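For reference, the structure discussed in these notes is given below.
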Amino acid sequence: MATDAEIRSKFWKALKSDRTMFLGLAEGEDGHARPMTAQLEDELFDEGEYKGPVWFFTSTENSLYRSVQQSELAGETPRAMAHFASKGHDVWATVHGTLTTTRDSATIDRLWNRFVAASYEGNDDPRIALIRLDPEDAEIWIDASSLVAGIKMLIGIAPKQDYKDKVAEVRL
């Protein structure tokens with residue numbers, strides 16, 4: 001039986017490895033989300049737990065960046081919804097939190113890496129911006145499917161017990 005802490009740890013480990021999330025506003029944009037590459041800071045991991053924001057490099061021309069920035073100018077902090085599925089399809093999550101933007105050069109330099117560099121003219125590219133997701137809570141699912149569960153289904157035994165305790169609603 002997996003504990004909430006174990007499920008949360010599996011999520012952070014999978015996100016650190018796979019990095020792609022679908023990010024959008026929780027309200028507005030007709031539920032539109034777009035794939036973005038998550039940046040996590042290694043020094044903010046502690047015993048499988050991540051204690052920090054999730055960053056996304058983007059362009060100042062990106063519609064999500066512009067929407068968040070407009071909300072900030074109006075004194076609002078927009079709510080986010082991000083979706084994640086690991087490459088192995090064994091961890092899924094819906095994450096809620098808040099979004100903010102920055103163009104802080106020190107933060108850009110700290111998060112800069114060769115994968116980000118492939119998309120820009122350099123870390124001083126005037127189009128570079130960051131969207132910051134401060135996660136608050138999530139619903140995380142861990143795949144309970146297995147060879148045993150598949151065999152049980154083939155012979156007519158419901159594998160419900162195999163799926164028990166494989167989902168957690170957690171505070172991040």
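The values are calculated or read from the model by the stated rules, or taken from the named source; none is laboratory data. What you are looking at is a predicted structure, and each value in this text was computed from that prediction instead of being measured. Virtual Cβ from ideal backbone geometry, glycine too; neighbours counted across all protein chains shown.
Inside region 1-49, residues that are at pLDDT below 90, part of a loop (DSSP other than H, G, I, E, B) and of a type in the set (Gly, Ala, Ser) make up a count of 3. Against the list (1) in contact with a helix residue (DSSP H, G or I) (Cβ under 6 Å, 6 or more places away or on another chain); (2) within 19 Å of Ala138 (Cβ to Cβ); (3) crowded, with 19+ Cβ neighbours inside 10 Å, the condition Thr58 fails is (2). When the residues of region 80-116 are filtered to those that are of a type in the set (Lys, Arg) and not in a helix (DSSP H, G or I), which remaining residue is nearest to Asp18 (Cα to Cα)? Only one residue fits best here, namely Lys87. Reported count of residues in region 34-61, each being more than 16 Å from Ile128 (Cβ to Cβ) and in contact with an Asp or Glu (Cβ under 9 Å, 6 or more places away or on another chain), is 6. Test Leu99 against the criterion of being farther than 22 Å from Ile142 by Cα and in contact with a Gly (Cβ under 7 Å, 6 or more places away or on another chain), and give yes or no. Criteria not met by Leu99.
Conditions tested, residue by residue: (1) within 26 Å of Pro126 (Cβ to Cβ); (2) of a type outside the set (A, V, I, L, M).
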site: Gly48; (1), (2): no, yes
site: Leu64; (1), (2): yes, no
site: Arg79; (1), (2): no, yes
site: Ala82; (1), (2): no, no
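With respect to the numbered conditions (1) modelled with pLDDT under 95; (2) touching a helix residue (DSSP H, G or I) at 6+ places or on another chain (Cβ under 6 Å), which one is the sole condition not fulfilled by Gly122? That leaves (2) as the condition not met. If you go through region 1-33 and pick out every residue that is surrounded by 13 or more Cβ atoms within 10 Å (Cβ to Cβ), farther than 21 Å from Ile108 by Cα and of a type in the set (D, E, K, R), you end up with 6. Whether any residue in region 66-79 is over 14 Å from Leu130 (Cβ atoms), in a strand (DSSP E or B) and modelled with pLDDT of 95 or more is what I want to check. Within region 66-79 (the criterion being over 14 Å from Leu130 (Cβ atoms), in a strand (DSSP E or B) and modelled with pLDDT of 95 or more), the answer is yes, since at least one residue qualifies. Contact map, region 83-112: residues that are without any contact (Cβ under 8 Å) to a residue 12 or more places away in the chain paired with residues that are outside any strand (DSSP E or B), Cβ distance under 7 Å, separation 6+ or inter-chain. Pairs shown: Trp112/Asn123. Kindly provide the set of residues from region 34-49 that are of a type in the set (Asp, Glu) and farther than 20 Å from Arg110 by Cβ, ordered by number. Answer for region 34-49, where residues must be of a type in the set (Asp, Glu) and farther than 20 Å from Arg110 by Cβ: Glu47, Glu49.
The rows are residues; the columns are (1) within 16 Å of Pro135 (Cβ to Cβ); (2) surrounded by 15 or more Cβ atoms within 10 Å (Cβ to Cβ).
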site: Ser63; (1), (2): no, no
site: Ala82; (1), (2): yes, yes
site: Ser86; (1), (2): no, yes
site: Val95; (1), (2): yes, yes
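Just checking, does region 98-115 include any residue being crowded, with 20+ Cβ neighbours inside 10 Å and under 22 Å from Val170 (Cα atoms)? The answer is yes, given that some residue of region 98-115 is crowded, with 20+ Cβ neighbours inside 10 Å and under 22 Å from Val170 (Cα atoms).
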